[in-house]
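Please read the structure below before turning to the comments.
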Amino acid sequence: MDKLVIEGGVPLHGEVKISGAKNAALPLMASALLAQGSHRFHNVPRLRDIRTMQILLKNMGAASEHDKVMEIDASRIGSPEAPYDLVKTMRASVLVLGPLVAKYGHARVSLPGGCAIGARPINLHLKGLEQMGADIALDHGYVIARARRLRGARITFDQVTVTGTENLMMAACLADGTTTLKNAAREPEVCALADYLCAMGARIEGAGTPTVTVTGVDELRPSSCTVIPDRIEAGTYLAAAGITGGSLRLTGCRPDHLEAVIQKLIEAGMSIRAEGDVIEAAANGRINSVNVKTQPFPAFPTDMQAQFMALMTLGSGVSLISEKIFENRFMHVLELRRLGADIDLDGRTAVVRGVKHLSGAPVMATDLRASASLVLGGLAAKGVTEVTRIYHLDRGYECIEKKLSAVGARIARVKE
């Protein structure tokens, strides 16, 4: 098992190319199940989760290749099943459920796993499919879904769900009639999926708003698209510039996907300039402590909470960080304390009192974004920090140690 060894205290300077978004690529890959033929996806990141989805699709009979372009051919689906040994490692595997039921009338998908950041039940997915006419059963940890043909329905989500919106939006594309999704997720990744489905021949209106309307068609055709930039990766590198007192130029970005994060970093005292697909960020002295509350897009993203908390550990005062999406997403707090952070928890709010410096220590990653926060802490800390269990990190950050090394970080991946 690998670990990262970081000798901190070095300001980062230089340019970082942002990769394609994992959370956009995964639903795009699942959507290939809706149309026979070759789908082509550009700018797909090389990540552990992407490889897991490839294996999952291959097990069903969908051939895929990933060189400079990923090609997926779903012409020969023989087994509409997502087994536990794959789904347990990545919650996004559940995204195959909607396409399989819509296209093949049957799916057997294991209940999902992924990062242990709180309860993320798929009951909203199942309730929506039932409203569309699917018969749903749970059998020994598997969801069994059947439908001769799904039918349009009016579905209101009890809470905003990104994967639920994506799953039902894909299912509705081949349903008989019109489906309306109320309280739908508005994330850029949802919009990117809708754009691709429309390129395949789907009829979707309202993506990016709380109401999405899908008029079913008889069939879809394969197409091609470019995966949008990873806004969370970009936000993480912006925080890296701030926490190390450096300056970074990020290329291949979508600044409009990062407005809430950028605004908070400006409040924290950073200089940020965005133009086209470039964001330039620089720290200006000690970071100001600011308050943050995570909410669905377009508000501050939960996937940036841990990284922003790492930045606030060096703030000039007290920061209140409230987690409103997941109830168990503060597992990085204990590890940041090992680096010298002063953080107390009050329910779903972290009280972060800024310290003048962090100190290197051995720390253990508990989930994907917690891993990133510990790397940020290690980059700023005096001395050596060892981050273990970085397989979490490999699920969502492409070549992070190489990208950081290129801008001056003293970081190395070594075998434990």
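What is segment 55-154 by shape, rounded, prolate or oblate, if you read a ≥ b ≥ c off the alpha carbon gyration tensor as root eigenvalues and call it rounded for a/c under 1.5, prolate for a/b larger than b/c, and oblate otherwise? Each step should come with its number before you reach the end.
Values: a/c = 1.83, a/b = 1.21, b/c = 1.52.
Note, shape of segment 55-154 comes out oblate.
Name the long-range amide H neighbours of K382: under 5 Å, sequence gap of 5 or more, or other chain; modelled H, no Pro or chain starts.
L358, S359, G360
Testing the spin-label approximation: label points 7 Å from Cα along Cα→Cβ at R154 and H66. State their distance in nm.
With each label point 7 Å from Cα toward Cβ, the separation is 4.2 nm.
Classify segment 307-386 as rounded, prolate or oblate from the Cα gyration tensor: take a ≥ b ≥ c as the square roots of its eigenvalues, call it rounded if a/c is under 1.5, otherwise prolate when a/b beats b/c and oblate if not.
Values: a/c = 2.10, a/b = 1.26, b/c = 1.67.
It is oblate, given that a/c is not under 1.5 and a/b is not larger than b/c.
On a C-alpha basis, how far is the centre of segment 334-364 from the centre of segment 226-301 in Å? Whole number, if you could?
After rounding, the separation between the Cα centres reads 21 Å.
By how many degrees, between 0 and 90 and to the nearest 10, does the Cα long axis of helix 188-199 differ from the longest principal axis of the chain?
30
What relative contact order, as a whole-number percentage, does the chain give when Cα pairs under 8 Å and 6 or more residues apart are counted?
Values: 1048 pairs, mean separation 88.0, N = 416.
Relative contact order here is 21 percent.
Residue by residue through segment 308-325, which ³J(HN,Hα) values in whole Hz follow from phi under the Karplus form 6.51 cos²θ - 1.76 cosθ + 1.60 (θ = phi - 60°), with glycine and proline marked x?
Whole-Hz 3J(HN,Hα) from phi for segment 308-325: 5, 4, 4, 4, 5, 4, 9, x, 8, x, 10, 10, 9, 10, 9, 9, 9, 9.
Report the full-extension gain for the segment S224 to N123: residue separation times 0.36 nm, less the Cα-Cα distance, to one decimal in nm. Walk me through the numbers before you get to the answer.
Working: separation 101, 0.36 × 101 = 36.36 nm, distance 3.15 nm.
Full-extension gain reported as 33.2 nm.
Can you give the angle from 0 to 90° between the axis of helix 162-172 and the longest principal axis of the chain, with both taken from C-alpha atoms, to the nearest 10?
Between helix and principal axis, roughly 20 degrees.
Can you give the direction-averaged projected area of the convex hull of the alpha-carbon atoms in segment 1-134, in nm²? Mind dumping the intermediate values first?
On the way: hull surface 43.0 nm².
Orientation-averaged projected area of the Cα hull: 10.8 nm².
Considering only V292, S79, H392, whose Cα is most displaced toward the positive end of the charge dipole of the chain, charges sitting on Cβ of Lys, Arg (+1) and Asp, Glu (-1)?
H392
Suppose the chain between D346 and S79 were pulled fully straight at 0.36 nm per residue; how much longer would it get relative to their current alpha carbon spacing?
On the way: separation 267, 0.36 × 267 = 96.12 nm, distance 4.74 nm.
Between D346 and S79, full extension yields 91.4 nm more.
Between V217 and M1, what's the calculated FRET efficiency when r is the beta-carbon distance and R0 is 51 Å? Round to 0.05. Present the calculation step by step, with values, prior to reporting the outcome.
Working: r = 47 Å, r/R0 = 0.92.
With R0 = 51 Å, the Cβ-Cβ based efficiency is 0.60.
Give the average over all directions of the projected area of the C-alpha convex hull of segment 289-354, one decimal, in nm².
Working: hull surface 15.2 nm².
Directional mean of the projected Cα hull area for segment 289-354 stands at 3.8 nm².
Can you work out the Karplus-derived ³J(HN,Hα) for every residue in segment 3-8? Use 6.51 cos²θ - 1.76 cosθ + 1.60 with θ = phi - 60°, whole Hz, and x for glycine or proline.
9, 9, 10, 10, 9, x
Write out the trypsin sites (Lys or Arg not before Pro) in segment 1-72 meeting two conditions: DSSP loop, and at most 16 other Cβ atoms within 10 Å of their Cβ.
Details: sites: K3, K17, K22, R40, R46, R48, R51, K58, K68; in loops: R46, K68.
Loop-located and lightly packed - R46, K68.
Name the GluC sites (Glu not before Pro) in segment 198-294 that are in a loop by DSSP and that have at most 13 other C-beta atoms within 10 Å, would you? Write down the numbers at each step before the final one.
Values: sites: E205, E219, E233, E259, E267, E275, E280; in loops: E219.
Here the sparse-neighbourhood loop sites are E219.
Listed highest first by mean packing, meaning other Cβ atoms within 10 Å per residue, what order do 313-323, 378-388 come in?
Those peptides, ordered most packed to least, come out 378-388, 313-323.
How would segment 230-297 be classified by its alpha-carbon gyration tensor: rounded, prolate or oblate, with rounded meaning a/c under 1.5 and the a/b versus b/c comparison settling the rest? The partial results should precede the final answer.
Values: a/c = 1.83, a/b = 1.10, b/c = 1.67.
Here segment 230-297 falls in the oblate category.
Quote to one decimal, in nm, the extra length available between L86 and A406 on full extension: 0.36 nm per residue of separation minus the C-alpha distance between them.
Details: separation 320, 0.36 × 320 = 115.20 nm, distance 3.35 nm.
Contour length minus the Cα-Cα distance gives 111.8 nm.
What pairs from K3/K324; K3/K382; K182/K264; K22/K88 go past 21 Å between their alpha carbons? Intermediate values should be presented prior to the final figure.
Details: K3/K324 31 Å; K3/K382 19 Å; K182/K264 29 Å; K22/K88 17 Å.
As for pairs spanning more than 21 Å Cα to Cα, those are K3/K324; K182/K264.
If I take every Cα pair under 8 Å that is 6 or more residues apart in segment 119-168, average their sequence separation and divide by the length, what percent do I get for the relative contact order?
Numbers: 41 pairs, mean separation 20.0, N = 50.
Relative contact order of segment 119-168: 40 percent.
Could you work out the equivalent-ellipsoid semi-axes for the chain, taking the square root of 5 times each eigenvalue of the Cα gyration tensor, largest first, in whole Å?
Working: eigenvalues 288, 87, 80 Å².
Semi-axis lengths for the chain are 38, 21, 20 Å.
For the chain, what does the helix formula give at 222 nm: sum of -39500 (n - 2.57) over DSSP H segments with n ≥ 4, over the residue count, nearest 500 deg cm²/dmol?
Helix contribution divided over all residues of the chain: -9000 deg cm²/dmol.
Residue-wise, which Karplus ³J(HN,Hα) couplings in Hz belong to segment 333-348, taking 6.51 cos²θ - 1.76 cosθ + 1.60, θ = phi - 60°, and x for glycine or proline?
4, 4, 6, 5, 4, 4, 8, x, 6, 10, 9, 10, 10, 10, x, 9
Readers should treat all values here as calculations from the given coordinates under stated rules, not as data from a laboratory. What you see is a predicted model, and the numbers here were worked out from it, not measured in a lab. Don't worry about glycine lacking a Cβ; one is built from the backbone with ideal geometry, like all the others, and counts go over all protein chains shown.
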